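J.: Provided herewith is a single structure, encoded as structure tokens, for subsequent inquiry.
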Amino acid sequence: MSKKLLLKDAHIEGIRYFDVYRKQGGYEAVEKALKMTPEAVVEEVKTSGLRGRGGAGFPTGMKWSFLAKPEGVPRYLVVNADESEPGTFKDRYLMEFIPHLLIEGMIISSFALGANTSYIYIRGEYSWIPDILEEAIDEAKKNGFLGKNILGTGYDLEIYVQRGAGAYICGEETALLESLEGKRGNPRLKPPFPAVKGLWACPTVVNNVETIAAVVPIINITGAEYAKIGVGRSTGTKLISACGNINKPGVYEIDMTITVEEFIYSDEYCGGIPNGKKLKACIPGGSSVPILPANLLLKTINGEPRYMNYESLADGGFATGTMMGSGGFEVLDEDQCIVEHTMTLSRFYAHESCGQCTPCREGTPWMYKILKKIESGEGTSADIDLLWDVQRKIEGNTICPLGDAAAWPVAAAIRHFRDEFEWHINNPECLTRNYGLANYA
Ligand code: L3W
Ligand code: SF4
């Protein structure tokens, strides 16, 4: 059984409220951290090996130590709660059911960074959650954990919740900052990184909800103990939101030492695939990461078991691997059509492109159109090559990672399931939906 750090109290009735959270040891990490120096808190986070849980896996302590500290200039912590990656709903769970864990993590993190104002930028579609967060902020303030002179230490902090308006691109950190400043959410060119020039051109750390929540157990148990959980550079625990063709969709906390096979089939997690269907493929890290077919999911190319961690999932690069990403784990059984699935994703990225750069603005709808043509049985072999060519021209040639995120799923689908694309070209009806894989010789 995986060790639980973030969800250990999730089952306790009323854990959403301050008194119950406090009774379980809540806010003890704040009391401990505020007796340390900010530098010592940053050091603990560095020692923990915590990596950003939003998708990129960038080392959190390193990001914090990049924060510029010019004299007289405010610094900000911004929590990225714009969880819009298809298949990803773990931050929603944390904010909805254990909001004080995020608030507690924000107080410690803001103290470590020297920020006196911090923001939670939350996805507009999560319309009921800002009230939950604001209630938690009010409770924390009434109990002396927010506002002026927290716990008599002289440290001041205010936290504000800002609602987004429903654009996926506002989850990209610089688009988020633009939106927070009241502008259209267009990504900025990097560098400069937000750590140097972020919100209102001031040094800013942007971290995912789960990343900031993880700071609480790190302070409670120490960075060194946190680093002992997991394996290699995949330290601590990771929340996985599991969906698709599985018996038990939901949010799970894993310690990154379990295999993909165990995660899919064990009753502790996904509980297997309904109706005894076969596993066809999986997208383990949100829709932006490459899809992997069953044979490469359960084992690496070297015959080693594939594990649920950053390194193992990426083993072999994109030729045979994928990414941990945001932990949005989608399972596809043998009845799912890869061409249709890829087309649906392409429509999403084409719709969400902000339109600033040509390869993404023009390339994403073009990929969708080609996929639609192939899916509807009107494609030719040349269309598969054209699709490959278009995705290659997008990848690495755009301002922000949305271009890559649109290209990678298409590339992986062609790489691993080219025969399904060809079937759609040579046959009037969809192979998978109409005949089942068993008839596919
Ligand atoms: C200072 C440097 N800071 C890097 C910081 C940078 C950022 C972090 C990671 O995209 C990916 C994307 C999605 N000085 C720095 C520095 N930083 N070098 O480190 O940066 P980066 O550019 O690697 O990633 P990103 O722009 O944050 C995130 C993928 O994650 N993804 C995410 C999906 C969406 C969700 C969601 O809805 N919640 O997770 C899934 O795979 O495609 O590739 O903070 O500033 N020298
Ligand atoms: Fe906008 Fe796409 Fe360019 Fe990102 S890659 S800046 S979403 S056009």
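The values are calculated or read from the model by the stated rules, or taken from the named source; none is laboratory data. Because the structure is a prediction, the values reported are computed rather than measured. Glycine gets a Cβ as well: all are built from the backbone with ideal geometry, and neighbour counts include every protein chain shown.
J.: Please count how many residues of segment 94-143 are closer than 12 Å to E158 by Cα and assigned to a helix (DSSP H, G or I).
T.: Let us first name the residues in segment 94-143 that are closer than 12 Å to E158 by Cα, namely 103, 106-107, 110-111, 115-120, 134, 137-138, 140-141.
Still in the running and assigned to a helix (DSSP H, G or I): 103, 106-107, 110-111, 134, 137-138, 140-141.
So the answer is 10.
J.: Counting just the residues of segment 73-90 that are more than 16 Å from the chain's Cα centre (by Cα) and assigned to a loop (DSSP other than H, G, I, E, B), which one comes out farthest from A242 (Cα to Cα)?
T.: Among those that are more than 16 Å from the chain's Cα centre (by Cα) and assigned to a loop (DSSP other than H, G, I, E, B), it is V73.
J.: Here is a follow-up. How about segment 281-303: which of its residues are at pLDDT 95 or above, closer than 19 Å to I258 by Cβ and in a loop (DSSP other than H, G, I, E, B)?
T.: Result: G285, V289.
J.: Here is a further query. Give the number of residues within segment 222-241 that are over 9 Å from S48 (Cβ atoms) and either within 14 Å of the chain's Cα centre (by Cα) or in contact (Cβ under 8 Å) with a residue 40 or more places away in the chain (or both).
T.: Within segment 222-241, the subset over 9 Å from S48 (Cβ atoms) is 228-234, 237-241.
In the following step, the residues that additionally are either within 14 Å of the chain's Cα centre (by Cα) or in contact (Cβ under 8 Å) with a residue 40 or more places away in the chain (or both) were identified as 229-234, 237-241.
The number of residues fulfilling the criteria is 11.
J.: Just one of the numbered conditions (1) surrounded by 17 or more Cβ atoms within 10 Å (Cβ to Cβ); (2) in a loop (DSSP other than H, G, I, E, B); (3) of a type outside the set (V, I, T) is not true of G271; which one?
T.: G271 satisfies all of (1) surrounded by 17 or more Cβ atoms within 10 Å (Cβ to Cβ); (2) in a loop (DSSP other than H, G, I, E, B); (3) of a type outside the set (V, I, T) except (1).
Residue by residue, here is whether (1) more than 16 Å from ligand 2 (Cβ to nearest atom); (2) free of Cβ contacts under 8 Å to residues at least 40 places away in the same chain holds:
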{"position": "G317", "(1), (2)": "yes, yes"}
{"position": "E330", "(1), (2)": "yes, no"}
{"position": "P359", "(1), (2)": "no, no"}
{"position": "D385", "(1), (2)": "yes, yes"}
{"position": "I399", "(1), (2)": "no, no"}
{"position": "G403", "(1), (2)": "no, no"}
{"position": "A412", "(1), (2)": "yes, no"}
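J.: Can you say whether E375 is crowded, with 19+ Cβ neighbours inside 10 Å, at pLDDT below 95 and among the acidic types (D, E), as far as the supplied structure shows? Let's see the steps before the verdict.
T.: Numbers: crowded, with 19+ Cβ neighbours inside 10 Å: yes; at pLDDT below 95: yes; among the acidic types (D, E): yes.
So E375 fits the description; yes.
J.: For segment 276-298, which positions are in contact with a strand residue (DSSP E or B) (Cβ under 6 Å, 6 or more places away or on another chain) and of a type outside the set (A, V, I, L, M)?
T.: K277, K280, C282, P284, G286, P293
J.: Another question about this same structure. If I ask for residues that are touching a Leu at 6+ places or on another chain (Cβ under 8 Å) and either more than 19 Å from L313 (Cβ to Cβ) or within 16 Å of ligand 1 (Cβ to nearest atom) (or both), which ones from segment 253-282 would you list?
T.: If the condition is that a residue be touching a Leu at 6+ places or on another chain (Cβ under 8 Å) and either more than 19 Å from L313 (Cβ to Cβ) or within 16 Å of ligand 1 (Cβ to nearest atom) (or both), then I273, K278, C282 are the ones that fit.
J.: Let me ask something else. In segment 136-164, how many residues are away from ligand 1 (no atom under 15 Å from the Cβ) and under 29 Å from G403 (Cα atoms)?
T.: First, the residues of segment 136-164 that are away from ligand 1 (no atom under 15 Å from the Cβ): 136-163.
From the residues that got through so far, the ones that are under 29 Å from G403 (Cα atoms) too are 161-163.
Residues flagged as away from ligand 1 (no atom under 15 Å from the Cβ) and under 29 Å from G403 (Cα atoms) within segment 136-164 amount to 3.
J.: Take the conditions in contact with an Asp or Glu (Cβ under 8 Å, 6 or more places away or on another chain), closer than 15 Å to A115 by Cβ and either touching a residue at least 40 places away in the same chain (Cβ under 8 Å) or not aromatic (F, W, Y) (or both) and apply them to V206. Does it pass? Before the answer, list the steps.
T.: On the way: in contact with an Asp or Glu (Cβ under 8 Å, 6 or more places away or on another chain): yes; closer than 15 Å to A115 by Cβ: yes; either touching a residue at least 40 places away in the same chain (Cβ under 8 Å) or not aromatic (F, W, Y) (or both): yes.
Criteria met by V206.
J.: So which residues in segment 287-311 are within 15 Å of F329 (Cβ to Cβ), within 16 Å of ligand 1 (Cβ to nearest atom) and not aromatic (F, W, Y), if there are any at all?
T.: Passing the criteria: S287, S288, V289, P290, I291, L292, M308, N309.
J.: Do we have any residue at all in segment 202-213 that's assigned to a helix (DSSP H, G or I) and more than 30 Å from S353 (Cβ to Cβ)?
T.: Initial filter on segment 202-213 (assigned to a helix (DSSP H, G or I)): 209-213.
With the extra rule that they be more than 30 Å from S353 (Cβ to Cβ), the set shrinks to 213.
Checking segment 202-213: at least one residue is assigned to a helix (DSSP H, G or I) and more than 30 Å from S353 (Cβ to Cβ).
J.: Go through (1) in contact with a Lys or Arg (Cβ under 6 Å, 6 or more places away or on another chain); (2) under 26 Å from G185 (Cβ atoms); (3) surrounded by 22 or more Cβ atoms within 10 Å (Cβ to Cβ) for G355 and report which single condition fails.
T.: (3)
J.: If a residue must be surrounded by fewer than 23 Cβ atoms within 10 Å (Cβ to Cβ) and within 15 Å of ligand 1 (Cβ to nearest atom), how many such residues does segment 318-344 contain?
T.: Looking only at that region, the number is 3.
J.: Away from ligand 2 (no atom under 11 Å from the Cβ), surrounded by fewer than 22 Cβ atoms within 10 Å (Cβ to Cβ), farther than 17 Å from V79 by Cα and at pLDDT 95 or above, is that true of L157? Reasoning before the result, please.
T.: On the way: away from ligand 2 (no atom under 11 Å from the Cβ): yes; surrounded by fewer than 22 Cβ atoms within 10 Å (Cβ to Cβ): yes; farther than 17 Å from V79 by Cα: no; at pLDDT 95 or above: yes.
Against the criterion (away from ligand 2 (no atom under 11 Å from the Cβ), surrounded by fewer than 22 Cβ atoms within 10 Å (Cβ to Cβ), farther than 17 Å from V79 by Cα and at pLDDT 95 or above), L157 does not qualify.
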